[in-house]
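Student: Quick one: structure below, then a few questions.
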Amino acid sequence: METSLVKEKVSNVLVSVLEHNNFEMHDELTAKDVDGWDSLSHMMIITKIEEHFGIKFKLRDLNKLKNMGSLINVIQSKI
Amino acid sequence: MVFNSFNFVAFIIPVLLLYWVVFKRTKTLQNIFLLLASVFFYVWADWRFLVLLVTSTLVNFYLGLKIHETEEDRKRSIYLYLGVIFNVGLLLYFKYFNFFYQGFFELLNFFGVESSYNSLTILLPLGISFFTFQTLGYLIDVFNEEVEPTKDFLDFSVFVAFFPKILSGPIERAAGFIPQIQEKRVLTYNVFVDGLRQILWGLFAKIVVAENCAAIANPIFNDYQDKPGSVLLLGTFFYAIQLYADFSGYSNMAIGISKLFGIQLMRNFATPFFSTNISDFWRKWHISLTTWMLDYVFTPLSFILRRHQKKGLIFSIVITFVLVGFWHGANWTFVAYGLLHGIYFIPLVYKGKMNSSEIVAKGKQIPSLKELSKMIALFILIMLTDVFFRANSVSHALDYLKRIFSFSIVDVPNTILNTTTLVTIVLIFFFVFIEWINRERKHDFEINSYNIFIRWGSYILIFLLLLFFGRSAETFIYFQF
């Protein structure tokens, strides 16, 4: 899947979980920069992404998620 | 050998001189010397557990390498499990054996099986709760490929045993600590002076604030039955300040002493009482423990339970905080303390404000009325919960709290209305004031940007306060953990 498409899908997940779109998708984006992205919504986002892309994260993947860029990379490595 | 003793001064001055004059040439020389000094320091504190410390260092060093070099996933996991069993096993045996042993027999008796037991005399090795968490975190990081294990046994030994942090933390992470000792350290004036400042502030917090508060709180807690609710309530106030000043004071001294050797330890307290909710508080209180628990307990647990959404999250938070409490010691009081803190998070989970952590009244001089009232409400909640931390048993804590909330809460607290209390309150005001104005800085007493008169004025003032109001202190609250 193309990076831009993955990004778009992830962005849709964020909007549906966080219920706003006050963020800009770029590789350096972190949870801290986005309103309402806390421990709970983080796990909800992870779960939704798993459903959307039909993938399963491992705990080890989770530790590698430092920003949007690394999230996109991990997703791409799994599909 | 506590930091605030003449023995320690007699130890640290020659050690610093040798470190920066004789052993400064290579990083290996520096590390050899640091290790020798650390072993000396640990043996001085308690020689009996040196074998344990050495064994733990060897086993964890070996397992770290093994996890890294093994390719097969299953085998890697086995090495990690061995490490978990080893480190947790040490803790369980030395710290919790009697707790579970006693619990087992009480359970038997409860079910009508008559049995009696004698608890074993097990000495608690100094610093065990701190160094086992540090090495366990190291193995998990290596397993998760967050860090590469060091192949240098000397470096690893210094990571485990570095004397400023061996007794009570901060619980360092390999990723932050090890790279620093893999390079030669160079003496820099600014870092050295900043270290001295931090030591001075820690010393003030410990021997002036904590010890004066202890002098008021101890008699109240020791004989609480004959005192009115008002005095008991004030007792919890002084104890809450004592606990904070004691441990943050220790931490500032440990971090400051490290700086003298050109090594930066992690921040352990970030003015936690200037918080407006419980999540914010725990992000600023005993940071090295809470981030440890966040990474190695909370995150995995909430990940496993991610499909249960809010319920899964609440369960993970409560379990994490029960463990935070239990880490402090083998007593139900600590379990209750952790459980209560876990429960305080529940409204935040529903409000979706879990991760809101910010500096209160950022860029302003005074907080808004709303911020102030939230801070005070949170402080009162924490102060009352600290009764569990201080009490010998849960029933003692409950009895204490019950007596606070009685009609005698409006009595005039005669027994503690005296000059000592008044002076202590003024000292607490000064302490809180300095922490407030420095709350946006890297540590509580980072005053390098102030002009020379303010800086030297503060040093002289604090020195005088130490001289006139300092009390001798043989130990720190956190040494027992």
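The values are calculated or read from the model by the stated rules, or taken from the named source; none is laboratory data. Because the structure is predicted, anything quoted here is derived from the model rather than measured. In this analysis, Cβ positions are derived from the backbone assuming ideal geometry, glycine residues included, and neighbour counts consider all displayed protein chains.
Student: Only residues that are within 14 Å of another protein chain (Cβ to nearest Cβ) and in a helix (DSSP H, G or I): list them for the range B:320-355, please.
Tutor: B:320, B:321, B:342, B:346, B:347, B:348, B:349, B:350, B:351
Student: Let me ask another. If we only count helices (runs of 4 or more DSSP H) wholly inside the range B:37-149, which ones have 2 or more residues that are buried (at least 17 other Cβ atoms within 10 Å of the Cβ), of a type in the set (A, V, I, L, M) and within 14 Å of another protein chain (Cβ to nearest Cβ)?
Tutor: B:128-143
Student: Looking only at residues that are within 26 Å of the chain's Cα centre (by Cα) and among the hydroxyl-bearing types (Ser, Thr, Tyr) in the range B:389-413, which one is surrounded by the most Cβ atoms within 10 Å (Cβ to Cβ)?
Tutor: Selected residue: B:400.
Student: Which of the residues that make up the range A:28-64 are within 11 Å of another protein chain (Cβ to nearest Cβ), in a loop (DSSP other than H, G, I, E, B) and not charged (D, E, K, R)?
Tutor: Listed by number, the residues that qualify are A:34, A:36, A:37, A:57.
So that you can scan it fast, the table gives a plain yes or no per residue for (1) exposed (fewer than 12 other Cβ atoms within 10 Å of the Cβ); (2) farther than 19 Å from residue B:190 by Cα; (3) in contact with a Gly (Cβ under 6 Å, 6 or more places away or on another chain):
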| residue | (1), (2), (3) |
| --- | --- |
| B:423 | no, yes, no |
| B:445 | no, no, no |
| B:455 | no, no, no |
| B:466 | no, yes, no |
| B:470 | no, yes, no |
| B:475 | yes, yes, no |
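Student: Return the only residue of B:276, B:271 being buried (at least 21 other Cβ atoms within 10 Å of the Cβ), over 16 Å from the mean Cα position of the chain (by Cα) and assigned to a loop (DSSP other than H, G, I, E, B).
Tutor: The unique qualifying residue is B:276.
Student: With the structure loaded, tell me whether residue B:433 is in a helix (DSSP H, G or I) and under 26 Å from residue B:220 (Cα atoms) or whether it fails that test.
Tutor: Judged against the criteria, residue B:433 is not a match.
Student: Let me ask another. Give the number of residues within the range B:5-20 that are assigned to a helix (DSSP H, G or I) and surrounded by fewer than 16 Cβ atoms within 10 Å (Cβ to Cβ).
Tutor: 8
Student: Scan the range B:151-169 and tell me whether some residue there is within 14 Å of chain A (Cβ to nearest Cβ), under 23 Å from the mean Cα position of the chain (by Cα) and aliphatic (A, V, I, L, M).
Tutor: no
Student: Out of all the residues in the range B:308-324, is one or more closer than 19 Å to residue A:37 by Cβ, surrounded by fewer than 19 Cβ atoms within 10 Å (Cβ to Cβ) and basic (Lys, Arg)?
Tutor: Scanning the range B:308-324, I find at least one residue that is closer than 19 Å to residue A:37 by Cβ, surrounded by fewer than 19 Cβ atoms within 10 Å (Cβ to Cβ) and basic (Lys, Arg), so the answer is yes.
Student: Given the residues B:194, B:223, which is the only one that is crowded, with 20+ Cβ neighbours inside 10 Å and farther than 30 Å from residue B:142 by Cα?
Tutor: B:194
Student: Which of the numbered conditions does residue B:386 fail, given that it passes all the others? Conditions: (1) buried (at least 18 other Cβ atoms within 10 Å of the Cβ); (2) closer than 28 Å to residue A:32 by Cβ.
Tutor: Condition (2) is where residue B:386 drops out.
Student: Something else about it: Please tell me if residue B:260 is out of contact with any Ser or Thr (no Cβ under 9 Å at 6 or more places or on another chain) and either more than 13 Å from chain A (Cβ to nearest Cβ) or surrounded by fewer than 23 Cβ atoms within 10 Å (Cβ to Cβ) (or both).
Tutor: Considered against the rule, which asks whether it is out of contact with any Ser or Thr (no Cβ under 9 Å at 6 or more places or on another chain) and either more than 13 Å from chain A (Cβ to nearest Cβ) or surrounded by fewer than 23 Cβ atoms within 10 Å (Cβ to Cβ) (or both), residue B:260 comes out as yes.
Student: Pairs needed: first member in the range B:105-131, in contact (Cβ under 8 Å) with a residue 40 or more places away in the chain; second member anywhere, polar (S, T, N, Q); C-beta distance under 8 Å; at least 6 residues apart or different chains.
Tutor: Every condition considered, the pairs that remain are B:124/B:480; B:127/B:168; B:130/B:168; B:131/B:56.
Student: It is to be established whether one or more residues within the range B:337-351 are surrounded by fewer than 16 Cβ atoms within 10 Å (Cβ to Cβ) and touching a residue at least 40 places away in the same chain (Cβ under 8 Å).
Tutor: Yes - at least one qualifying residue is present in the range B:337-351.
Student: Would the range B:414-435 turn up any residue that is charged (D, E, K, R) and either under 21 Å from the mean Cα position of the chain (by Cα) or at positive phi (or both)?
Tutor: Yes - at least one qualifying residue is present in the range B:414-435.
Student: Out of all the residues in the range A:34-68, which are over 11 Å from the mean Cα position of the chain (by Cα), acidic (Asp, Glu) and surrounded by fewer than 18 Cβ atoms within 10 Å (Cβ to Cβ)?
Tutor: A:35, A:51
Here is a yes/no grid of residues against (1) under 29 Å from the mean Cα position of the chain (by Cα); (2) modelled with pLDDT under 95:
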{"position": "B:15", "(1), (2)": "yes, no"}
{"position": "B:40", "(1), (2)": "yes, no"}
{"position": "B:69", "(1), (2)": "no, no"}
{"position": "B:78", "(1), (2)": "no, no"}
{"position": "B:82", "(1), (2)": "yes, no"}
{"position": "B:106", "(1), (2)": "no, yes"}
{"position": "B:109", "(1), (2)": "no, yes"}
